[in-house]
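These notes are about the structure you will find just below.
The values are calculated or read from the model by the stated rules, or taken from the named source; none is laboratory data. The model shown is predicted, which means the values in this text are computed figures rather than measured ones. Ideal geometry is used to build each Cβ from the backbone, glycine not excepted, and the neighbour counts take in all protein chains shown.
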There are 2 protein chains.
Amino acid sequence: MPSAAPANPGEPRREQLLNAADRVIRRDGPAASMNAIAAEAGITKPILYRHFGDRNGLIRALTERHTRSLLAAVRAALTEPLERRDRVEHVLDTYLAGIEARPQVYRLLTHPEPGDPGGAGNALAPALRQIAEEITGAVRSQVDLGPDRDLLAEAWGRGITGMVLAAGDWWLESRPCSRPRMVQALADLLWGRLAAAADLPTAVPPTAPAPDPAAPASDPR
Amino acid sequence: MPSAAPANPGEPRREQLLNAADRVIRRDGPAASMNAIAAEAGITKPILYRHFGDRNGLIRALTERHTRSLLAAVRAALTEPLERRDRVEHVLDTYLAGIEARPQVYRLLTHPEPGDPGGAGNALAPALRQIAEEITGAVRSQVDLGPDRDLLAEAWGRGITGMVLAAGDWWLESRPCSRPRMVQALADLLWGRLAAAADLPTAVPPTAPAPDPAAPASDPR
DNA sequence: GGGCTGGTGTTACCGGCGGTAACATCGCCG
DNA sequence: CGGCGATGTTACCGCCGGTAACACCAGCCC
């Protein structure tokens with residue numbers, strides 16, 4: 001059931017309001033106003049505020065619903081019993097498939113409104129922070145990185161998440177290629193193809209004309 | 001054509017207003033109001049609107065000023081006559097040094113306010129989009145990537161930028177290590193260390209969560 | 001029944017936001 | 001002198017997030 005799953009029928013009115021908010025945000029984007037959401041639900045603003053406190057509370061409740069499925073999918077992909085390269089590709093594909101299925105929702109999850117001025121400027125929205133933590137945990141528990149493993153796992157978790165966020169955003173926007181190809185491109189980057197590829201004949205030598213040794217261009221797949 | 005004017009002193013009033021806006025944003029963060037900026041400049045709102053059209057115009061002019069130096073530094077680092085790994089490290093260090101020097105300004109550049117609903121939700125702020133384009137160009141012109149070079153260069157440009165953005169954000173916020181170490185961590189990621197590292201003994205067998213500790217770790221290689 | 005409580009709903013308002021219209025000055029230059 | 005283009009003002013608009021104050025209706029216990 002990859003669709004928007006109702007979280008908890010314990011509070012049916014709340015779920016109903018969240019569904020209305022979902023519809024409006026799907027239509028108008030993440031900047032939808034509280035008035036618009038209330039109108040879509042057939043009610044007026046104060047009820048929303050009674051249920052969710054403030055706008056952030058509504059957005060948070062909304063994102064938590066959608067985050068669950070994506071996060072669960074990513075987590076499952078991260079522990080799939082595959083060769084590491086295949087596992088990584090599986091995770092990448094899972095994320096891209098998720099954002100492809102519901103772009104507006106994905107925008108809400110990944111690019112929330114400014115929010116509270118208290119927290120410092122996090123690049124990663126809460127949903128992505130959770131994904132980053134999943135990756136960090138997976139790397140730390142699955143890959144032998146020596147004494148720096150804690151630092152590397154944390155830095156890589158954030159870095160990989162940001163990489164996939166930015167690249168996925170661009171891919172979703174301009175659709176330069178199919179999804180599997182995009183997965184390949186990103187996995188190649190993670191697999192050090194940037195390091196392994198040969199130099200191109202220097203078109204603009206800054207100081208010295210190139211004395212290049214030969215480096216083999218191998219795809220380590 | 002009242003297009004983006006350069007930062008030359010040909011329009012001293014404009015520069016003066018931008019300086020005031022700079023001060024306010026440094027103090028109050030990127031969400032500073034137009035009233036506050038006008039007050040800091042000792043004037044009132046309509047003058048700001050005469051000069052910059054709307055809030056986005058002001059922010060754009062402001063970011064363009066700051067972007068120039070960072071972008072120039074990154075561009076220079078991208079064409080440094082070094083071994084590729086050293087060049088990459090140099091670029092990473094340049095970016096991290098830039099955001100370390102002026103965190104508030106960096107936040108303005110990398111995490112702008114929502115902006116117009118017309119454009120689709122870009123993950124990358126304009127300044128970062130430019131950096132991504134620089135990386136794309138450098139990769140395309142320096143690295144031999146075969147027939148897919150255009151796609152790979154573009155995807156990697158965005159991906160690397162997003163990676164450094166997210167990781168740099170985290171680093172700046174929690175300062176888990178020194179700058180050179182962070183540069184190493186990110187360069188290692190780009191250099192395929194994730195692919196090259198050995199597996200760790202599987203602590204969590206993915207299929208059977210049974211409390212049976214006698215399950216032997218299968219060797220996937 | 002009476003009264004209490006709790007959820008649902010309303011209208012009307014607040015301060016602040018981005019943005020604009022209309023009007024008042026200056027200095028400069030033909 | 002007259003115009004003209006910057007500079008500046010006050011006062012306003014519509015919308016926003018958020019809040020008071022009040023009304024209604026169920027159930028539920030005494």
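Table for the structure above
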quantity	calculated
Some residue of the stretch A:25-34 being within 14 Å of chain B (Cβ to nearest Cβ), modelled with pLDDT of 95 or more, more than 12 Å from DNA strand C (Cβ to nearest atom) and out of contact with any Lys or Arg (no Cβ under 7 Å at 6 or more places or on another chain)	no
Count of residues meeting criterion [under 17 Å from the mean Cα position of the chain (by Cα), touching a residue at least 40 places away in the same chain (Cβ under 8 Å) and either at the interface with chain B (Cβ under 9 Å from one of its Cβ atoms) or not in a helix (DSSP H, G or I) (or both)] in the stretch A:129-143	0
Residue ID - farthest from the chain's Cα centre (by Cα), chosen from residues in the stretch A:25-42 that are surrounded by fewer than 19 Cβ atoms within 10 Å (Cβ to Cβ) and in a helix (DSSP H, G or I)	A:39
Pick from the stretch B:144-184, criterion facing another protein chain (nearest Cβ under 7 Å) and acidic (Asp, Glu), ranking: nearest to residue B:95 (Cα to Cα)	B:169
Breaking point among (1) touching a residue at least 40 places away in the same chain (Cβ under 8 Å); (2) more than 13 Å from DNA strand D (Cβ to nearest atom); (3) among the aliphatic types (A, V, I, L, M), for residue A:20	(1)
Contacts under 7 angstrom Cβ, first residue in the stretch A:42-61 being within 14 Å of chain B (Cβ to nearest Cβ), partner modelled with pLDDT of 95 or more and near DNA strand D (Cβ under 8 Å from one of its atoms), 6 or more apart	A:55/A:34
Of all residues in the stretch A:43-58 being surrounded by fewer than 13 Cβ atoms within 10 Å (Cβ to Cβ) and part of a helix (DSSP H, G or I), the one that is nearest to DNA strand C (Cβ to nearest atom)	A:46
Positions within the stretch B:98-114 being of a type outside the set (Asp, Glu) and in a helix (DSSP H, G or I), in sequence order	B:98, B:99, B:101, B:103, B:104, B:105, B:106, B:107, B:108, B:109, B:110
Residue B:70 part of a helix (DSSP H, G or I), surrounded by 16 or more Cβ atoms within 10 Å (Cβ to Cβ) and more than 16 Å from DNA strand C (Cβ to nearest atom)	yes
Failed item, numbered, when residue A:95 is tested on (1) more than 16 Å from DNA strand C (Cβ to nearest atom); (2) assigned to a loop (DSSP other than H, G, I, E, B); (3) out of contact with any His (no Cβ under 6 Å at 6 or more places or on another chain)	(2)
Residue under evaluation residue A:83, criteria (1) closer than 29 Å to residue A:192 by Cα; (2) modelled with pLDDT under 95; (3) surrounded by 14 or more Cβ atoms within 10 Å (Cβ to Cβ), criterion not met	(3)
Filter result for residue A:64 (more than 13 Å from DNA strand C (Cβ to nearest atom), more than 22 Å from the chain's Cα centre (by Cα) and among the acidic types (Asp, Glu))	no
